[in-house]
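Working notes, structure below.
The values are calculated or read from the model by the stated rules, or taken from the named source; none is laboratory data. Values in this document were obtained by computation on a predicted structure and should not be read as measured data. Don't worry about glycine lacking a Cβ; one is built from the backbone with ideal geometry, like all the others, and counts go over all protein chains shown.
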Amino acid sequence: MSIITKRIVVTRTKPLSRRRKFVFGLVVSILSTLVGLGLCEVAFRILEYRENKQDIYQGEGGKWIADNRWGWKPTLGSFRTATSEFDVTGNINSLFMNDSPYNKDEDESCTRLLILGDSHTYAVGVSMEQTWGKVLETKLNAAYSPSKFRTYNSGVVGYSMHQYLLRLIDQGPELRPHYVILGLSYATDLYDLLPPDRGGWIYGGNRARDYFDFDSNGELVERHWDPIAANGVGIKPTTTAATVREILEYSATFRYLRRSKLALFFGSHVKINGQSLWPNMDIVVEKNVSPGHEYQWRLFQALLSKTKAECDRQGAKLIVVGIPYLPQVYDEIWNSTFGQDQKYSRTAGADRVAADCKKLGIVYVDSLDAFQSKSKQVGHWLHYHKDAHPTPEGQEVIAEAVMQAGVIQARTPKN
């Protein structure tokens, strides 16, 4: 009997090298991250869809239409708008203002105040009678009775210093205001100023409009922007940080979390070519004006001076009201964003504007202290957490700050 022995050969897999292990782990990590981000994006798109289903817009008023001079303006008529955070009503009168109907004869005997501003003044998130301009009117009428005050709210969503001045030039002669109150929004008004050849505006950049810029002699002159004639040149942000932020806007995850502490932390700390992903706040809180912002400050100062000269020409007193934004108001936002860097200050931009106003003989009223004090007193934000515009309480704070400044008195019309 023969025994046949079979030899079994066991082949062992060669161990992976360190380099291959690293590459494999890196690939797995990247794929896992991408899958996770994809799932997050899907989840936030579902959440966004559900929230957007709550949005309501009713009525003919308040829809944006083109205006060859101002860029855009709201359609006439009443409207109601609702989101997951607010449900408000408004009325666009014959002056294209979110305001009560205009009657020149009735207003003749009133002390008249023309209010200039953007969405914080228009104002998104509150009903017409809750805007700080209308609240101010109520307070003035109560304080100076039987004298009558009439405010005209010419604030429009997305407007900037250029459009404030244009509306003053166009509508001031009709309204003949005794006071012009410019609601300076630190959220955008120092940032959204650049003319087309320097990158263009942030809001409504592709709409034809008039604007102001320096001529070859450094004098401020009025010009017209026509995107069709310019073939689209200069209507997109030119800085890398602004471009990245524009790309992020396509993400539901970014849109949903944009004002979370984590998102604001990264937005203020991640630098691209020396600029954060929150560039509109950089210019407001930097202690020393960076080279990239020098032109904006120069243009702002020229527009402010031109606005003062136009007020003087119309016989009106100019008042600038500083309206702060989230990191300026709330300690938790400031401490998690710009507060740890010594080159920033919550009051840097406001201090600079106040100094400019003083040089030009303009009354400056800052509402930052009032916002901070009131928020700490009531124990909650005076801005909507998602929308970020002032709530009715926040609008009240702005109006009260103007009242407390004591710079408005009852006037007797000249005519």
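Val397: in a helix (DSSP H, G or I) and β-branched (Val, Ile, Thr), yes or no? Break it down into steps so the answer makes sense when it comes.
Details: in a helix (DSSP H, G or I): yes; β-branched (Val, Ile, Thr): yes.
So Val397 fits the description; yes.
Just checking, does segment 373-389 include any residue being of a type in the set (Gly, Ala, Ser), under 20 Å from Ile181 (Cβ atoms), assigned by TED's automatic domain parsing to the domain that holds Asp351 and assigned to a helix (DSSP H, G or I)? Give the derivation first.
Filtering segment 373-389 down to residues of a type in the set (Gly, Ala, Ser) leaves 373, 375, 379, 388.
From the residues that got through so far, the ones that are under 20 Å from Ile181 (Cβ atoms) too are none.
No, every residue in segment 373-389 fails to be of a type in the set (Gly, Ala, Ser), under 20 Å from Ile181 (Cβ atoms), assigned by TED's automatic domain parsing to the domain that holds Asp351 and assigned to a helix (DSSP H, G or I).
Sort through Leu168, Leu193, Leu184, Leu220 and tell me the only one that's over 19 Å from Gly133 (Cα atoms) and crowded, with 22+ Cβ neighbours inside 10 Å.
Working: Leu168 fails: over 19 Å from Gly133 (Cα atoms); Leu184 fails: over 19 Å from Gly133 (Cα atoms); Leu220 fails: crowded, with 22+ Cβ neighbours inside 10 Å.
Among Leu168, Leu193, Leu184, Leu220, only Leu193 is over 19 Å from Gly133 (Cα atoms) and crowded, with 22+ Cβ neighbours inside 10 Å.
Can you tell me which residues in segment 105-133 are in contact (Cβ under 8 Å) with a residue 24 or more places away in the chain and of a type in the set (D, E, K, R)? Steps first, answer last, please.
Going residue by residue through segment 105-133, those that are in contact (Cβ under 8 Å) with a residue 24 or more places away in the chain are 107-128, 130-133.
Matches in segment 105-133: Asp107, Glu108, Arg112, Asp118.
Name the residue that is surrounded by the fewest Cβ atoms within 10 Å (Cβ to Cβ), counting only residues in segment 286-313 that are closer than 15 Å to Leu360 by Cα and among the hydroxyl-bearing types (Ser, Thr, Tyr).
Ser305
Suppose we keep only residues that are in contact with a Ser or Thr (Cβ under 7 Å, 6 or more places away or on another chain) and of a type in the set (A, V, I, L, M, F, W, C) within segment 110-125. Which one would you say is farthest from His389 (Cα to Cα)?
The extreme case among them is Leu113.
Please tell me if Ile362 is closer than 30 Å to Glu294 by Cβ, of a type in the set (Val, Ile, Thr) and touching a Ser or Thr at 6+ places or on another chain (Cβ under 8 Å).
Numbers: closer than 30 Å to Glu294 by Cβ: yes; of a type in the set (Val, Ile, Thr): yes; touching a Ser or Thr at 6+ places or on another chain (Cβ under 8 Å): no.
So Ile362 does not fit the description; no.
Please determine whether any residue of segment 343-352 is on the phi > 0 side of the Ramachandran plot and part of a loop (DSSP other than H, G, I, E, B).
Of the residues in segment 343-352, the ones on the phi > 0 side of the Ramachandran plot are none.
No: segment 343-352 contains no residue that is on the phi > 0 side of the Ramachandran plot and part of a loop (DSSP other than H, G, I, E, B).
Could you list all residues from segment 327-353 that are free of Cβ contacts under 8 Å to residues at least 24 places away in the same chain, buried (at least 17 other Cβ atoms within 10 Å of the Cβ) and within 23 Å of Gln404 (Cα to Cα)?
The one that is free of Cβ contacts under 8 Å to residues at least 24 places away in the same chain, buried (at least 17 other Cβ atoms within 10 Å of the Cβ) and within 23 Å of Gln404 (Cα to Cα): Thr347.
Gly361 fails exactly one of the following numbered conditions: (1) at negative phi; (2) surrounded by fewer than 20 Cβ atoms within 10 Å (Cβ to Cβ); (3) at pLDDT 95 or above. What is the number of that condition?
(1)
Would you confirm whether any residue within segment 63-74 is hydrophobic (A, V, I, L, M, F, W, C), touching a residue at least 60 places away in the same chain (Cβ under 8 Å), buried (at least 19 other Cβ atoms within 10 Å of the Cβ) and closer than 22 Å to Asp366 by Cβ?
Scanning segment 63-74 turns up no residue that is hydrophobic (A, V, I, L, M, F, W, C), touching a residue at least 60 places away in the same chain (Cβ under 8 Å), buried (at least 19 other Cβ atoms within 10 Å of the Cβ) and closer than 22 Å to Asp366 by Cβ.
What are the residues in segment 69-117 that are closer than 21 Å to Tyr164 by Cβ, out of contact with any His (no Cβ under 6 Å at 6 or more places or on another chain), part of a strand (DSSP E or B) and not small (Gly, Ala, Ser), if any?
Trp72, Lys73, Pro74, Ile92, Asn98, Leu113, Leu114, Ile115, Leu116
Among the residues of segment 310-350, what is the count of those that are over 29 Å from Asp170 (Cα atoms) and among the basic types (Lys, Arg)?
Selection size over segment 310-350: 2.
Checking the conditions here, which among Asp87, Asp55 is within 22 Å of the chain's Cα centre (by Cα), at pLDDT 75 or above and loosely packed, with under 11 Cβ neighbours inside 10 Å?
Details: Asp87 fails: loosely packed, with under 11 Cβ neighbours inside 10 Å.
Just a single option satisfies the conditions, and that option is Asp55.
State yes or no: is Val365 within 25 Å of Arg150 (Cβ to Cβ), in contact with a strand residue (DSSP E or B) (Cβ under 7 Å, 6 or more places away or on another chain) and part of a strand (DSSP E or B)?
On the way: within 25 Å of Arg150 (Cβ to Cβ): yes; in contact with a strand residue (DSSP E or B) (Cβ under 7 Å, 6 or more places away or on another chain): yes; part of a strand (DSSP E or B): yes.
It is true that Val365 is within 25 Å of Arg150 (Cβ to Cβ), in contact with a strand residue (DSSP E or B) (Cβ under 7 Å, 6 or more places away or on another chain) and part of a strand (DSSP E or B).
In segment 160-229, which strands (runs of 3 or more DSSP E) lie fully inside it and hold 3 or more residues that are over 25 Å from Glu400 (Cα atoms) and out of contact with any His (no Cβ under 8 Å at 6 or more places or on another chain)?
Filter on segment 160-229 gives 220-225.
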